[in-house]
Amino acid sequence: MTRLANPELPGKLLSVAEQIVVKSGHQALNMRDLARRVGVTATAIYHYFESKEVLLLKIKLRAAEKLNSRIRAIDPKLGPVQTIRELGMRYIEFAEEHPNLYRLLFDTPIGTTPLGQTDQPVLYYTYYVARNALERMAAAEMYPHDPRYGAMMGWTMLHGFCSLLMSGSLELAEGMDREQLKELFLRFYSGGGEPDRHARNS
């Protein structure tokens with residue numbers, strides 16, 4: 001079995017690369033600059049990561065785990081409507097607190113790098129939680145649509161809101177502050193597009 005020249009180096013490279021992304025965005029990640037910061041040659045990086053695309057996917061998975069840990073902390077005893085609201089709140093908080101990780105996670109393509117067997121559940125964990133909540137609502141005759149489509153459209157709405165919120169565009173539209181906008185959005189998001197639609201069942 002071939003041993004890695006330095007078994008600690010992949011983790012260090014990932015950590016430093018993630019720091020660059022957090023501070024300056026994924027566009028700022030440069031393999032030569034990363035090598036200089038870590039004190040290795042650029043060739044050494046490719047010994048552990050076949051390409052920059054592979055490295056970015058690893059950082060993306062780490063970012064997804066940070067978001068997923070927030071979603072996992074949602075009280076499992078909550079009803080499905082409140083679960084969706086909590087999911088939305090935590091998703092928005094992650095986007096606000098880690099804007100560059102959020103952009104890497106959702107605004108960059110997966111690329112041609114094949115996903116590992118365990119990668120897709122990590123990248124789509126939030127989607128699966130939302131779909132599960134909608135399935136519970138559908139089983140209770142609280143949601144008349146296919147939960148799969150509802151989860152996809154809900155994700156589209158949630159991502160669009162986060163992107164516009166971070167750009168400052170929404171605040172200018174109606175002169176509302178961020179907290180007002182978030183509360184308004186969460187009422188629509190957890191109500192299936194109608195504010196307080198399911199309030200009595202949450």
Taking 0.36 nm per residue of separation and subtracting the Cα-Cα distance, what length does fully extending Ser167 through Asp107 add?
-> 20.2 nm
So how much slack lies between Ala139 and Val22, counting 0.36 nm per residue of separation and subtracting their Cα-Cα distance, in nm?
-> 38.0 nm
Roughly how many debye, to the nearest 20, is the charge dipole of the chain about its Cα centre, given +1 on each Lys and Arg Cβ, -1 on each Asp and Glu Cβ, and no other charges?
-> 680 debye
If you build a Gaussian network model of the chain, linking Cα atoms that sit under 10 Å apart, which residue out of Ala35, Ala151, Ala17 swings the most?
-> Ala35
Hey, in the GNM for the chain with a 10 angstrom Cα cutoff, which one of Met176, Met137, Met89 fluctuates hardest?
-> Met176
Once the piece of chain linking Ser69 and Met153 is laid out straight, how much longer is it, given 0.36 nm per residue of separation minus the C-alpha distance between them?
-> 28.0 nm
Computed about the Cα centre, the charge dipole of segment 1-49 from +1 Lys/Arg and -1 Asp/Glu charges at the Cβ has a magnitude in debye, to the nearest 20, of 100 debye
Can you give the angle from 0 to 90° between the axis of helix 178-190 and the longest principal axis of the chain, with both taken from C-alpha atoms, to the nearest 10?
-> 70 degrees
When only Cα pairs under 8 Å and 6 or more residues apart are kept, what is the percent relative contact order across the chain?
-> 21 percent
Find, to one decimal place in angstroms, the Kirkwood hydrodynamic radius of the chain, where the mean of 1/r is taken over every pair of different Cα atoms and then inverted.
-> 18.7 Å
Ranked packing of 117-125, 93-101, 56-64, most packed first, by mean Cβ within 10 Å | 56-64, 93-101, 117-125
Give me the net charge of Met31's neighbourhood, meaning all other residues with Cβ under 13 Å from the Cβ of Met31; Lys, Arg count +1, Asp, Glu -1.
-> +1
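Here, each number is a calculation from the coordinates, and none is a lab measurement. None of the values given here were measured: they were computed from a predicted structure. Please note: Cβ atoms are built from the backbone with ideal geometry, for glycine as well, and neighbour counts cover all protein chains shown.
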